[in-house]
Amino acid sequence: MKNEILIILGSKSDLPVAEDAVKFLNSNSIPYKMEIASAHRTPNKLNAIVKNAERDGIKIIIAVAGYAAHLPGVIASKTIIPVIGVPVASSPLGGIDALFSIVQMPPGIPVATMGIGKSGVKNAVLYAMQILGIQNETYADIMKRYREGFGDIN
């Protein structure tokens, strides 16, 4: 399998937030690529990453960012690859500012938005797997096994 999931972190400080999601991907032998690029501090690097993602056949981009969290929206404005945004609680506002920045995208530039922090990144990976599972039986099987692991919650 080739990389179909690209995770872009807005900062190295976001690495611990992504660790559970990365463990899930690695434990299921799911290929992915991870990059660190800021919409504000390294816009040229971000542009190149997005351009390469299109060329390399990436199917879904997960963008993890805190504070003003423009990263997911900036990425979405540069590609038609679906973007899943994950806010990080890195600011004094506990991630609410990041959540609003991601979820309130203007019409025409959609970004799927997950919850704040580690659980949001893991949900983003699971959501990406569900979407990819529509056309890829391997991903669908992984998700079925994952869901079966929940057992009966009643």
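Laboratory data are not the source of any read-out in this text; all were calculated from the coordinates shown. What you see is a predicted model; the values in this text were computed from it and never measured. Cβ sites come from the backbone with ideal geometry, for glycine too, and all protein chains shown count toward neighbours.
Where Lys and Arg each count +1 and Asp and Glu each count -1, what net charge lies around Glu19 among other residues with Cβ under 11 Å from its Cβ?
Summing Lys and Arg as +1 and Asp and Glu as -1 gives +1.
Hey, got the dipole for region 1-75? About the Cα centre, +1 on K and R Cβ, -1 on D and E Cβ, debye to the nearest 20?
Using Cβ point charges on Lys, Arg, Asp and Glu, region 1-75 gives about 200 debye.
Sequence gap at least 6, Cα distance under 8 Å: using those rules, report the relative contact order of the chain to the nearest whole percent.
For the chain, the relative contact order is 21 percent.
Sorted by mean Cβ packing within 10 Å, highest first, what order do the peptides 34-45, 123-134 take?
Ranking the peptides 34-45, 123-134 by packing returns 123-134, 34-45.
Roughly how many Å is it from the Cα centre of region 30-71 to that of region 84-135, as a whole number?
14 Å
Any idea what angle helix 137-148 forms with the longest principal axis of the chain, computed on alpha-carbon atoms, 0 to 90 degrees, nearest 10?
Relative to the chain, helix 137-148 is tipped by roughly 80 degrees.
Taking only Cα atoms, what is the 0 to 90° angle, nearest 10, from helix 43-56's long axis to the longest principal axis of the chain?
30 degrees
Taking H placed 1.01 Å from N in the peptide plane, check which residues at least 5 places from Ile7 or on another chain put their amide H under 5 Å from its amide H.
Lys33, Met34, Glu35, Ile62
Give the angle, between 0 and 90 degrees and rounded to the nearest 10, that separates the Cα long axis of helix 118-133 from the longest principal axis of the Cα atoms of the chain.
60 degrees
Arranged from highest to lowest average of other beta-carbon atoms within 10 Å per residue, in what order do the peptides 53-64, 89-100 appear?
Per-residue Cβ counts within 10 Å, averaged per peptide and sorted highest first, yield 53-64, 89-100.
Could you work out the helix-only [θ] at 222 nm for the chain, with each DSSP H run of four or more residues adding -39,500 (n - 2.57) and the total divided by the number of residues, to the nearest 500 deg cm²/dmol? Numbers along the way, then the final one.
Details: 6 runs with 71 residues, N = 154.
Theoretical 222 nm ellipticity from helices: -14500 deg cm²/dmol.
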